[in-house]
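K.L.:
Sharing a structure, written as structure tokens. Questions coming.
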Amino acid sequence: MEFLNVQSIYKSSQNGFGLHNIQFAQQKFQHLAIVGETGSGKSTLLKIIAGLEQPDAGNVFFEGIRVQGPFEKLIPGHPGIAYLSQYFELPNFLRVEQVLAYANLLTDETASKLYVLCDIEHLMKRRTDQLSGGEKQRIALARLLLTAPKLLLLDEPFSNFDAIHKQSLKRILEAVANEFDISIILIAHDPLDILSWADYMLVMQNGTIVQEQMPAYVYRYPINAYVAGLLGSFQLFPKSFSSFFSVEKKWHELDNQLFIRPDDFMLLNANVSSNEAVVQSIEYFGSYQVIAVLHIPTGTLVNIQTQARNIKIGDKGALEISSL
């Protein structure tokens, strides 16, 4: 029996957030990411899975039992599924300990362990209007987890937060999932948030799933330019471009052109006039640089992602590509 089974979901909407024949399955403890541009239907899908929005057609089965929508039950939602919106609303002017006590279905010992994992044990006496955005999010997450869900749905949990907060939240989610045997589905925009976290990925466009696979596969072999662009920079080159490289590579094609990402290229410190490239510009990103080089044989500007630090504008070298 599959942990979660989404079958032929349809949802019409006047604001363009409709869904068309959405179907997929999630295994227990699997980290599943749903990605797509704004308006692709991600949030609507998440709410339908949670039982908070009614589909026009189709069904969601959670542990073999159909999830009822708000038209079918007095209090919307499913007791085994917790949904955290990107706004993580909390009651105003209550102390944190009050907000959590009202929701708690766990033992005191288990709840205390959860507060430590969520890094909120020091906030109990604070009022909710005295909290930062990150603190509010962690408390809203803990409040949901106090209901002992088996599936946690997170709508843009990393949005509007800095890198430090994002890494902290990823650690919390990993710890909570392992400690309490919780499976997670999340929506995110930043490829760095997705690729380092997800076991499996669904890519949505205009209310449909256009590609699903492990993140590394989607990154290297996107089905179209839309999917490719969601996960990072890329360039398209004519097929004849491959003839300049001696390294054997499984070339991926989009729109009858060669698909290459900046981290596929290398600028070798070698005097190879047949494949010479000259550095035109350098962008610094901390742990790596993106350099634009002019490929002399074709007159093409090529972007290269590199960790090399001693590169200067005007440097020359041989353009090469990895065999991956």
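K.L.:
Considering every residue within region 111-125, establish whether at least one is among the hydroxyl-bearing types (S, T, Y), assigned to a helix (DSSP H, G or I) and over 25 Å from H165 (Cα atoms).
P.N.:
No, region 111-125 has no match at all.
K.L.:
Go through region 33-67 and count every residue that is small (G, A, S) and either outside any strand (DSSP E or B) or free of Cβ contacts under 8 Å to residues at least 12 places away in the same chain (or both).
P.N.:
7
K.L.:
Right, something else. Name the one entry in L151, L123 that is within 26 Å of I185 (Cα to Cα), in the same structural domain as A198 (by TED's automatic domain parsing) and surrounded by 15 or more Cβ atoms within 10 Å (Cβ to Cβ).
P.N.:
Checking each option against the conditions leaves just L151.
The rows are residues; the columns are (1) hydrophobic (A, V, I, L, M, F, W, C); (2) within 17 Å of the chain's Cα centre (by Cα).
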{"position": "Q211", "(1), (2)": "no, yes"}
{"position": "M214", "(1), (2)": "yes, yes"}
{"position": "Y219", "(1), (2)": "no, yes"}
{"position": "S240", "(1), (2)": "no, no"}
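K.L.:
Same structure again: Could we say that S233 is closer than 27 Å to I321 by Cα, surrounded by fewer than 15 Cβ atoms within 10 Å (Cβ to Cβ), touching a residue at least 60 places away in the same chain (Cβ under 8 Å) and polar (S, T, N, Q) here?
P.N.:
yes
K.L.:
Any chance you could count how many residues in region 237-269 are farther than 15 Å from I304 by Cβ and assigned to a loop (DSSP other than H, G, I, E, B)?
P.N.:
Here the count works out to 8.
K.L.:
If you don't mind, another one. Please find, within region 293-317, the residue that is farthest from the chain's Cα centre (by Cα) out of those that are surrounded by fewer than 17 Cβ atoms within 10 Å (Cβ to Cβ) and under 23 Å from H252 (Cβ atoms).
P.N.:
P297
K.L.:
Go over the candidates V302, V210, V279 one by one and state the one that is of a type in the set (A, V, I, L, M, F, W, C) and under 30 Å from Y10 (Cα atoms).
P.N.:
That would be V210, the only listed residue that is of a type in the set (A, V, I, L, M, F, W, C) and under 30 Å from Y10 (Cα atoms).
K.L.:
Of the conditions (1) out of contact with any helix residue (DSSP H, G or I) (no Cβ under 8 Å at 6 or more places or on another chain); (2) more than 23 Å from V218 (Cα to Cα), T300 clears all except one; give me its number.
P.N.:
Against the list (1) out of contact with any helix residue (DSSP H, G or I) (no Cβ under 8 Å at 6 or more places or on another chain); (2) more than 23 Å from V218 (Cα to Cα), T300 comes up short only on (1).
K.L.:
Would you check if L94 is surrounded by 17 or more Cβ atoms within 10 Å (Cβ to Cβ) and in contact (Cβ under 8 Å) with a residue 12 or more places away in the chain?
P.N.:
So L94 fails the test.
The values are calculated or read from the model by the stated rules, or taken from the named source; none is laboratory data. Everything numeric here is computed off the predicted structure, so don't read it as measured data. Please note: Cβ atoms are built from the backbone with ideal geometry, for glycine as well, and neighbour counts cover all protein chains shown.
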